[in-house]
Structures are given as C-alpha cells and as structure tokens.
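The structure appears below as structure tokens.
The values are calculated or read from the model by the stated rules, or taken from the named source; none is laboratory data. The structure presented is a predicted model; accordingly, all values stated were derived computationally and were not measured. For neighbour counting, all protein chains shown are included, and Cβ atoms are generated from backbone atoms with ideal geometry for every residue, glycine included.
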Amino acid sequence: MSQTNQNKTYNRIVLIPTDFSEVCGNAISHGIKLARFLGYKATILHVINQETKAALKKKNVGADYVEWRLKEYKKYYEKKYEIVVDTLAEEGSIFTTIHEVAENLKANLMVLGTHGKQGLQHVFGSYAMKVVSQSQIPVVVVQKRSFREGYKNIVFPVNNDLEPRQAVQWAKLMGKLFQSEIHLFLSFEKDTALNSRLQVITKQITDIFTDEKLPYTITHAGKAGSFADQVIAYSVYKHADLVLMITRPNVDLPGFSLSAWSEKLMFNDSQIPIMCINPVDYGYYYYEWSMLT
C-alpha cells in the first residue's frame, strides 16, 4: 500500500486559488472563515497565465494590478477576521502551479470556487474536476453559497469501495469543530458479498464515531435511481452544509462511474459545498480489516 503523505508535516494553511471572479470571491470568504475556525492561516493564490495577461491587457493595466488586488484581500480579511492572510502571485499553468504551491506551502486544505458545469470561466469551472483530481490535499469545492455558521450537518456517503474511510479523519475534525451531526448515507447493494463488505466498512466508521462521541445517523439509499442523485436529494432534505466525497482519479468500479459521480456532486444545483478527498494515505486504523479479507 502507498505510504504517500503518511509522515508528512503540514503547516496549518488553507490555500485559496482565485481568478478574481465573484464566485472565487465567495470561495475566499468561505476559506477565510474556515481557516479561522480551524486556527489555520490562509493563503490566497492567483496563477498568472495567458488568460490573466489577456485580461490585464484588456483593462489596460500592468502586472502590479494583480498584486494590488491580492493586497486588498489581505488587508480586508486580516482586519475583519483577525487571522494571518498571505498572498501569492505565481506565473504558470493552473494545472501544475496550484499543486506546486500547495506542496511548497505544505497546505492542509484547499478551497476552490467553481461556476458550475455550464457557462464556465477558465479553471474554476469546466477544469475544476482536473484540479481536484490531481490534488494531494482535500479540496472544498464551493459555488455561490456562503459559509453560513459552519458545517453543522455533514453528509457522508458510503459505498462498497474501500476508500470512504479515508474521509473519517476529516469527518472527525469537522464534526468536533462545528459540533456537527454526521449523516451516513449507505448505497444499496443487491450483491450479497458487496453488501457484506459495505456493512464491515460502515461498522468500522461508526465504531470510530462512537469512540469519539460524534453524533451520527444512518440512512440507506433506495433501490432505484443513481446513488449521486440520491445523495444530493438526501443532502437537501437534511439541510447539509457539507458533503464528504472520495474522488479516485481515473478509477471506476464495475457498474459505477466515479468520474460521473464526482462531477454530479461537485456541480450540484443546490450549491452544497463538497469536500473532495483523493485517497493517498493508508492508515492502519482505517484499513487493518482489509488484511483479513
């Protein structure tokens, strides 16, 4: 099993890329408030690429405009929320520079604004899935919905894939931070073996929540309809503030497209924030059972 990031030291930083659009402004507000709750610093990043240069030329302004915008963010949010806000302007490709900055900063978490599936601007839209799928750290994808009072209701979808337990550590952190109720939403599995595996996974998760004294509920998906659609409908019903989602790049399960599932949740019409977690760590606490199966 991969041990990537297993002993890595992080610097308690929330990284927030921006293209200076309205939806990214909301992502900055969301990320700043989240960083404040976590006791982290925030770093606001703008990647200077061809789109930036074209926009600057159209506005008839120089590169110092980018620095000015970032400094305005820093001044405003540090004063309003009394947290440390750093800013960065880096020239490069959004698909590599964002992740290079996250790696260099040793950021813990990223907050990414997206315009949804249609009518998108450059990175923070149609290419958001690519940014998310390549991230070594969890990414909270937000649209226009505000942070509100934190993540009081968290929906945690669970299917027969082994990886959902990697979201447990973040469910624990957010659950304790916001005194949340965590709603486990279990996929329907008609296959006996897959259903048995789902029950094992669920028991391991609930045992951890019980040990940590985290309140949780369990609800089963219906037999008909896509699991992603049911997760969204259930999240709306529970007034969810956050949905935890495992994204496994370039991997699909038999009869279940993870790429389609990821896009449907990320760009949900209800604009519920989605925490996307790529499984890169394999802690024995979550996976020791797999040695016995």
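Summary table below
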item	result
Hey, N160 buried (at least 17 other Cβ atoms within 10 Å of the Cβ) and either of a type in the set (F, W, Y) or not assigned by TED's automatic domain parsing to the domain that holds Q136 (or both) or not	yes
Those residues of segment 209-227 which are assigned to a helix (DSSP H, G or I), within 24 Å of the chain's Cα centre (by Cα) and at pLDDT 95 or above, in sequence order	F209
Unmet requirement for Q50, which otherwise passes all of (1) surrounded by 15 or more Cβ atoms within 10 Å (Cβ to Cβ); (2) modelled with pLDDT under 95	(1)
Close pairs from segment 196-223: first farther than 23 Å from K152 by Cβ and touching a residue at least 12 places away in the same chain (Cβ under 8 Å), partner of a type in the set (A, V, I, L, M, F, W, C) and part of a helix (DSSP H, G or I), Cβ under 7 Å, at least 6 apart	V200/W289; Q204/W289
Search result, residues across segment 175-184 that are farther than 12 Å from E212 by Cβ and part of a helix (DSSP H, G or I)	L177, F178
Odd one out for K238, checked against (1) of a type in the set (K, R); (2) modelled with pLDDT of 90 or more; (3) out of contact with any His (no Cβ under 7 Å at 6 or more places or on another chain)	(3)
Filter result (out of contact with any Gly (no Cβ under 6 Å at 6 or more places or on another chain) and modelled with pLDDT of 95 or more) within segment 110-129	M110
Unique residue being touching a residue at least 12 places away in the same chain (Cβ under 8 Å) and out of contact with any Phe, Trp or Tyr (no Cβ under 6 Å at 6 or more places or on another chain) when the list is A54, A89	A89
Filtered residue count, segment 154-168, keeping only those that are closer than 11 Å to T202 by Cβ and modelled with pLDDT under 75	2
Enumeration of residues in segment 57-87 that are of a type outside the set (D, E, K, R) and under 17 Å from L45 (Cβ atoms)	A63, Y65, V66, W68, L70, Y73, Y76, Y77, I83, V84, V85, T87
Extreme residue, surrounded by the fewest Cβ atoms within 10 Å (Cβ to Cβ), among residues of segment 62-79 that are in contact (Cβ under 8 Å) with a residue 12 or more places away in the chain and of a type in the set (K, R)	K71
